[in-house]
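A.B. asks: Below are the structure tokens for one structure; questions will follow.
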Amino acid sequence: MPSPNNYLIYQAYGNQAILTEVLFSAASVLAQTTDPPQLVIYTDQPDWFRQYRWLGGTPYILLNPTMLADWAGPDKFVHRVKICILADAATRFDGKLIYLDSDTLVMTDINRLFGVVGPKVRLTHTNEGSLRDSPLRLNRKIGQYMHGKTWAIDGQAQSIGLDTQMYNAGVLGMTTADAQVLLPKVLHLTDQLYHTWPKHTMEQLAFSYVLGQHQVIDTTASVLHYWKLKALRPQLIDLAIQQLAAQLDHSAQDLIQALNARYDFPTLLANQNAWDAKPSIWRKVLTLLGRGWDLRNL
């Protein structure tokens, strides 16, 4: 039975690649605990998930085009939908929420993460460093852009300084009580930031600033966020279809075993990070020599 008052939230709409990634992420959760949280999937295709019987009592919150357009806001920012989904979940459920992006695999018992969530204790994925000295160039550019600007936060003009820590929002955890207070602030700040400078990480910056006012726990050791490995999406879809066709009654454990037998995700991600760390000119030379790193060749 699901753990009472622990809710694991996914969004899965649009193309089958996203749905398939959520399927594998959910399987990675269920394969590692006998006391799972309540999965909740916001989706426009609930019948696709119902094919997988091991998802059993999962509630599906139907997303329709009108709702998605409203949640994307006047600037049609796709990542704004995530904030609205979490805010909606905080009105439906009472307890603790953990949101996972579709391209995540949970490497440990998810209940360990729920165990650290509490009042003023929040989860994110990776601390990407401060806006001053983040290893990611875009984050440093954001820091430069923020210089000298103020934003309406809590009814006051506040600045986002260079010491602001940038947290990857592929994992988000908080109590529903905190969510009801924090998410309107995140949404309001996101709208200001994205309208002024429409970069895809503006929602991430808003989460980082608002959640960062209290303790934030990094979950990198527990959750593998493989956003850099998007070239694997077609293979994941093929694998899911094969498993479904072969045995409708297969379990979450079966699906994850099939995935692990085919791919070593931690090693693939480490290799991708090592490749990305090379100077761009060196990557170009190696690619011309036929020694480039390309997941599509796997």
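A.B. asks: Could you run through region 128-143 and say how many residues are surrounded by fewer than 18 Cβ atoms within 10 Å (Cβ to Cβ) and touching a residue at least 12 places away in the same chain (Cβ under 8 Å)? First the steps, then the outcome.
C.D. replies: Our first condition is that a residue be surrounded by fewer than 18 Cβ atoms within 10 Å (Cβ to Cβ); within region 128-143, this holds for 129-130, 132-133, 135-138, 141.
The next check asks that each one be touching a residue at least 12 places away in the same chain (Cβ under 8 Å); those that pass are 129-130, 132, 136, 138.
Summing the residues that are surrounded by fewer than 18 Cβ atoms within 10 Å (Cβ to Cβ) and touching a residue at least 12 places away in the same chain (Cβ under 8 Å) in region 128-143 gives 5.
A.B. asks: Being in contact with a His (Cβ under 7 Å, 6 or more places away or on another chain) and either modelled with pLDDT of 95 or more or not assigned by TED's automatic domain parsing to the domain that holds THR219 (or both) is the filter here; which residues of region 104-120 pass it? Working first, answer last.
C.D. replies: First, pick out the residues of region 104-120 that are in contact with a His (Cβ under 7 Å, 6 or more places away or on another chain): 104, 120.
Passing the criteria: only THR104.
A.B. asks: Say whether the condition of being without any contact (Cβ under 8 Å) to a residue 40 or more places away in the chain, buried (at least 16 other Cβ atoms within 10 Å of the Cβ) and in the same structural domain as HIS200 (by TED's automatic domain parsing) is met by at least one residue in region 66-87.
C.D. replies: Scanning region 66-87 turns up at least one residue that is without any contact (Cβ under 8 Å) to a residue 40 or more places away in the chain, buried (at least 16 other Cβ atoms within 10 Å of the Cβ) and in the same structural domain as HIS200 (by TED's automatic domain parsing).
A.B. asks: Let me ask you something else. Scan region 259-273 for residues that are in contact (Cβ under 8 Å) with a residue 12 or more places away in the chain and farther than 21 Å from ASP238 by Cα and jot them down. Break it down into steps so the answer makes sense when it comes.
C.D. replies: Looking only at region 259-273, we keep the residues that are in contact (Cβ under 8 Å) with a residue 12 or more places away in the chain, and these are 259, 262-263, 265-266, 268-269, 271-273.
Of everything in region 259-273, those that are in contact (Cβ under 8 Å) with a residue 12 or more places away in the chain and farther than 21 Å from ASP238 by Cα turn out to be ASN271, GLN272, ASN273.
A.B. asks: Could you list, in sequence order, the residues of region 86-110 that are in contact with a strand residue (DSSP E or B) (Cβ under 8 Å, 6 or more places away or on another chain) and closer than 19 Å to ALA252 by Cβ?
C.D. replies: Result: ILE98, LEU100, ASP101, SER102, ASP103, THR104, LEU105, VAL106, MET107, ILE110.
A.B. asks: Looking at region 286-296, is at least one residue in a helix (DSSP H, G or I), modelled with pLDDT under 85 and closer than 29 Å to ALA26 by Cβ? Please lay out each step first, then the result.
C.D. replies: First, the residues of region 286-296 that are in a helix (DSSP H, G or I): 286-288, 295-296.
So of that shortlist, the ones also modelled with pLDDT under 85 come out as 286-288, 295-296.
When the remaining residues are screened for being closer than 29 Å to ALA26 by Cβ, the result is 295-296.
Yes, that holds for at least one residue.
A.B. asks: Moving on. Which one is surrounded by the most Cβ atoms within 10 Å (Cβ to Cβ) among residues in region 26-54 that are in contact with a strand residue (DSSP E or B) (Cβ under 7 Å, 6 or more places away or on another chain) and of a type in the set (A, V, I, L, M, F, W, C)?
C.D. replies: Among residues in region 26-54 that are in contact with a strand residue (DSSP E or B) (Cβ under 7 Å, 6 or more places away or on another chain) and of a type in the set (A, V, I, L, M, F, W, C), the one surrounded by the most Cβ atoms within 10 Å (Cβ to Cβ) is ALA26.
A.B. asks: Does GLN45 meet the test of being free of Cβ contacts under 8 Å to residues at least 60 places away in the same chain, farther than 28 Å from THR220 by Cα and in the same structural domain as LEU113 (by TED's automatic domain parsing)? Write out each step before concluding.
C.D. replies: Working: free of Cβ contacts under 8 Å to residues at least 60 places away in the same chain: yes; farther than 28 Å from THR220 by Cα: yes; in the same structural domain as LEU113 (by TED's automatic domain parsing): yes.
Judged against the criteria, GLN45 is a match.
The values are calculated or read from the model by the stated rules, or taken from the named source; none is laboratory data. Since we're looking at a predicted model, the values are computed, not measured. Glycine gets a Cβ as well: all are built from the backbone with ideal geometry, and neighbour counts include every protein chain shown.
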